[in-house]
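Report on the structure given below.
Derivation of every value follows stated rules applied to the coordinates shown; laboratory data play no part. Source: prediction; values computed, not measured. Every residue, glycine as well, gets a Cβ built from its backbone with ideal geometry; the counts of neighbours run over all protein chains shown.
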Amino acid sequence: MKKSFRSHIVLAATVLLAGSMCFAEDGAAIYKSKCAMCHGPTGTPSAGMAKAMGIKPASDPAIKALTVAQVNATIKNGKGKMKPVAGLSDAQVTAVAEYFKTLK
């Protein structure tokens with residue numbers, strides 16, 4: 001009985017870990033295709049884009065202080081010169097927001 005219970009726990013942990021890894025990969029792929037052209041592949045925009053659009057790097061303390069919910073809202077509604085990102089499901093927006101929060 002104990003072996004069976006441990007096996008179920010290990011299986012559940014593996015599934016959860018794999019699911020979160022796939023979620024993060026989706027966020028990274030979406031970021032690369034929809035966001036990196038302005039925000040830079042590592043979260044640091046080019047000097048020209050930063051100046052023209054007022055984009056701060058992901059490492060800026062004000063950006064780091066944003067919650068995932070606030071990043072979600074910015075992706076969905078836009079902010080300043082950034083237009084809303086169209087064509088993403090709520091799950092995809094959350095994946096991108098969570099990925100963006102990992103950028104240094």
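Could you check the stretch 56-65 and list, in sequence order, the residues that are without any contact (Cβ under 8 Å) to a residue 24 or more places away in the chain and outside any helix (DSSP H, G or I)? Hits for the stretch 56-65 are Lys56, Pro57, Asp60, Ala65. Only residues that are assigned to a helix (DSSP H, G or I) and touching a Pro at 6+ places or on another chain (Cβ under 8 Å) were counted in the stretch 32-55, giving 5.
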